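> Below is the structure I would like to discuss, written out as C-alpha cells.
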Amino acid sequence: MIEDIKKDANHRMKRAIEVLDTEYAKLRTGRAHASLLDHVRVEYYGAEVPVSQAANVTVEDARTISITAWEKSMVSVVEKAIINSDLGLTPNTAGTVIRITLPPLTEERRKDLAKVVRHEAENAKVAVRNVRRDANQSVKELVKEKEISDDDEKRAEAEIQKLTDTHIATIEEHMAAKEKEILSV
C-alpha cells in the first residue's frame, strides 16, 4: 500500500517536471528551434493540429525557422496561426515557404523572460508539494484505518519527503539551466 502511494507520488512529481519542461520549450531564447511552434495550432481537414502536423518545420540557422506547408492552401492558414499566436513573431512568405526570423532579445526582454522562468519553476514546485500533501494524507488515512503502524507512517512520510526534495532539486536545476540559456547573449 505504501509502495503504491510512493509510486503514484513519484509519477505525479515527474509529470510536474515534464509540464515545466514543456512550458520552458515555449519560451523564446533568441535561438531558433522547431519546438517554438509546438503549441501553435492550425485547422487541418476539420481538426485542430499543431503546425508540425500540417507542415514541415525546420531550422535554417540560429535565427531562422523555415516552414513548408504540405499543401499550398495551408500556407495562409499557417501564417495566420503564427501571427495570432502569443509568440510575437512576424512570418515572411515566399511561395509555399514561410520563414520566421527571430529578432535578437533585448536585455529588458531577457530579464522579463527570466522572471517567467522563475514563475514557472515555482508553479512546478507548488505542484510537487501538493502531490506530497496528497501522499501524506493517503498515508494518514491508512493509519486511521489501522492498516499500518505509526512507525510505518513516519517512515513513509520521510521517504515521501525525500522524493519531494529530489524533484524540487531537479526543478531548480532546470530553472538554472533555462535562466542561463536566456540570459546568455
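> Which of the GluC sites (Glu not before Pro) found in the stretch 56-156 are in a DSSP loop and have at most 14 neighbouring Cβ atoms, other than their own, within 10 Å?
Numbers: sites: Glu60, Glu71, Glu79, Glu107, Glu108, Glu120, Glu122, Glu141, Glu145, Glu147, Glu153; in loops: Glu71, Glu145, Glu147.
Of the GluC sites (Glu not before Pro), the ones in loops of the stretch 56-156 whose Cβ has at most 14 other Cβ atoms within 10 Å are Glu71, Glu145, Glu147.
> With contacts defined as alpha carbon pairs under 8 Å and 6 or more residues apart, what's the relative contact order of the stretch 43-185 in percent? Kindly include the intermediate steps, with their values, before the conclusion.
On the way: 113 pairs, mean separation 24.9, N = 143.
Across the stretch 43-185, relative contact order equals 17 percent.
> Dipole magnitude of the stretch 3-88 about its Cα centre, charges +1 at Lys/Arg Cβ and -1 at Asp/Glu Cβ only, in debye to the nearest 20? Show your work: numbers first, answer last.
Values: 12 positive and 14 negative charges, 36 e Å.
The dipole of the stretch 3-88 has a size of about 180 debye.
> Where in the stretch 49-157 are there trypsin sites (Lys or Arg not before Pro) that are in a DSSP coil and have at most 10 other Cβ atoms within 10 angstrom of their Cβ?
Answer by residue number: Lys72, Lys146.
> Which value, in Å², gives the accessible area per residue of the stretch 1-136 when a 1.4 Å probe is used on the protein heavy atoms? Don't skip to the answer; put the middle values down first.
Details: 7420 Å² over 136 residues.
Normalised by residue count, the accessible surface of the stretch 1-136 is 55 Å².
> While we're looking at this one, here's another question. Please report the spacing between the Cα centers of the stretch 80-150 and the stretch 1-59 in Å, no decimals.
Each part reduced to its Cα centre gives a spacing of 10 Å.
> Mind scanning Lys7/Lys146; Lys26/Lys162; Lys14/Lys162; Lys26/Lys72; Lys14/Lys140; Lys80/Lys111 and naming the pairs with a C-alpha gap bigger than 19 Å?
On the way: Lys7/Lys146 21 Å; Lys26/Lys162 30 Å; Lys14/Lys162 14 Å; Lys26/Lys72 27 Å; Lys14/Lys140 23 Å; Lys80/Lys111 29 Å.
Pairs exceeding the cut-off: Lys7/Lys146; Lys26/Lys162; Lys26/Lys72; Lys14/Lys140; Lys80/Lys111.
> Continuing with this model, one more query. Work out the length of the dipole vector of the stretch 128-185 about its Cα centre, built from +1 on the beta-carbon of each Lys and Arg and -1 on the beta-carbon of each Asp and Glu, and round it to the nearest 20 debye.
On the way: 11 positive and 15 negative charges, 37 e Å.
Dipole about the Cα centre, nearest 20: 180 debye.
> Ignoring ligands, DNA and RNA, please state the percent of accessible area on the chain from carbon and sulfur, probe 1.4 Å. Intermediate values should be presented prior to the final figure.
On the way: 5370 of 10580 Å².
In the chain, the share of accessible area belonging to carbon and sulfur is 51 percent.
> Rounding to the nearest 20 debye, state how big the charge dipole of the chain is about its Cα centre with +1 on each Lys and Arg Cβ and -1 on each Asp and Glu Cβ.
The calculation lands at about 560 debye.
The values are calculated or read from the model by the stated rules, or taken from the named source; none is laboratory data. None of these values were measured; they are calculated from a predicted model. So basically every Cβ, Gly included, is an ideal-geometry build from the backbone, and we count neighbours across all protein chains shown. Please note that ligands, DNA and RNA were not included when accessible areas were found on the heavy atoms of the full protein model with its side chains. Shrake-Rupley method; radii C 1.70, N 1.55, O 1.52, S 1.80 Å.
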